[in-house]
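The structure appears below as structure tokens.
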Amino acid sequence: MKKVLLVGETWMSSSTHFKGFDQFGSVTFHAGNKRFMAGMEGSNYDVTHMPAHEAASEFPTTMEGLDKYDVIIVSDLGANTLLLHPDVWLKGERVANRVNLLAEWTRKGGGLIMIGGYFSFQGIDGKARWHKTAVEAALPVTCLSCDDRMEIPEGCTPVVNDADHPVLSGITGEWPYLLGVNEVVLKEDADVKLVLSLPDDQRSLPLLATGSYGEGRTLAWTSDMSEHWLPPAFLAWDGYDKLFGNMVAWVAGDI
């Protein structure tokens, strides 16, 4: 079985509760990977999830470490997490640039996917900071230089631009609506394909684009893999497993 690494898709929130004169705090751990992981069960891929808080220290620092995987999915994880290894951040020591390493791994044949979210592409307040990185150079899209979130509270339905693309194989019928994306710019490279976009009234922004980087394949899905940009109807849609499974299979070179 080919090996897939999903990096990110977790976060923690801290709350302060006030009850009259008294107050107390609480911390909640959230995981947005569960629907995707459930859909990949029984597939031909062995998927490992690396939570965001572990990625700073555990994401590989060598090419040999990355070569254990055929596909790497970066989802809702800013560039700083890979740039600021604890040895750099806490000890002031030198460590391999894992953003550059990930791009080089892709160039020599890896399959790279970036999934949208508040810390994907350029992200909220521009804090995801993938713009002008080696990973951006590998993707089929260019990030904005500012906050790129496009909230669509009224919902919008994806537009199919390339019905024959293998990523859409086996998906039929109407698409469910989604509630937001990261705004990106499609690259003009000859091998870049705009598979899905937003409607005209949402400026036909890219939703799903594919491309290549050296010997590797790359894919950008600019919406989420879970809430809130994917509403319950999308998560329950019978095309969800096929869509995300096809994304993995395509960058792995299997379709």
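The values are calculated or read from the model by the stated rules, or taken from the named source; none is laboratory data. A quick note: this is a predicted structure, and the numbers were derived from the prediction, not measured. We place every Cβ from the backbone using ideal geometry, glycine too, and count neighbours over all the protein chains shown. For the accessible areas, the whole protein counts, side chains as well, though only heavy atoms, and no ligand, DNA or RNA atoms are used. Shrake-Rupley method; radii C 1.70, N 1.55, O 1.52, S 1.80 Å.
At a probe radius of 1.4 angstrom, the accessible area of the chain per residue rounds to 47 square angstrom. Remark: the chain carries a charge dipole of roughly 580 debye about the Cα centre, counting +1 on each Lys and Arg Cβ and -1 on each Asp and Glu Cβ.
Geometric descriptor of the stretch 160-249, per residue, is 104 Å³ (volume of the convex hull of the Cα atoms). Going by the alpha-carbon gyration tensor, a ≥ b ≥ c the square roots of its eigenvalues, is the stretch 129-168 rounded (a/c under 1.5) or, if a/c is not under 1.5, prolate (a/b greater than b/c) versus oblate? Taking the square roots of the gyration eigenvalues as a ≥ b ≥ c, the stretch 129-168 is oblate.
Entry note: the stretch 67-123 has Rg to Rh equal to 1.01, where both radii use alpha-carbon atoms and Rh is the Kirkwood radius.
Of all the accessible heavy-atom surface of the chain, with the other protein chains kept in place and a 1.4 Å probe, what percent is carbon and sulfur?
Here carbon and sulfur together make up 50 percent of the probe-accessible area.
Computed over the alpha carbons of the stretch 94-227, Rg followed by Dmax gives 14.8, 52 Å. Considering only Val99, Val88, Val135, the Gaussian network model of the chain with Cα springs below 10 Å gives its largest mean-square fluctuation to Val88. One quarter of the surface of the convex hull around the alpha-carbon atoms of the stretch 83-170 equals 8.4 nm², the direction-averaged projected area. Once each of the GluC sites (Glu not before Pro) sitting in a DSSP loop with at most 11 other beta-carbon atoms within 10 Å is removed, the chain keeps 94-173 as its longest stretch. Which log10 I(q)/I(0) values, to two decimals, does the stretch 1-150 give at q = 0.13, 0.18 Å⁻¹ under the Debye formula with one point per Cα? Debye output, listed in q order: -0.64, -1.12. Kindly flag which residue pairs out of Lys68/Lys108; Lys2/Lys187; Lys19/Lys127; Lys91/Lys132; Lys187/Lys242 have an alpha-carbon separation exceeding 24 Å in this structure. Table pairs above 24 Å Cα-Cα are Lys2/Lys187; Lys19/Lys127; Lys91/Lys132; Lys187/Lys242.
Values of log10 I(q)/I(0) for the stretch 1-60 across q = 0.29 Å⁻¹ run -1.16, by the Debye formula with one identical scatterer at each alpha carbon and no solvent. Cross-link partners of Lys193 among aspartates and glutamates, defined as those whose alpha carbon lies under 13 angstrom from its own and excluding same-chain residues fewer than eight positions apart: Asp162, Asp164.
Within the shell defined by Cβ-Cβ distances under 15 Å, the residues around Phe29 carry a net charge of -2, with Lys and Arg each +1 and Asp and Glu each -1. Between Gly65, Gly239, Gly25, the GNM of the chain built on Cα springs shorter than 10 angstrom shows Gly25 fluctuating the most. Normalised size of the chain, defined as Cα radius of gyration per 2.2 N^0.38 Å with N residues, equals 1.01.
When the chain is modelled as a GNM with alpha-carbon springs shorter than 10 Å, which of Pro206, Pro86, Pro140 fluctuates the most? Greatest mean-square fluctuation among the candidates belongs to Pro86.
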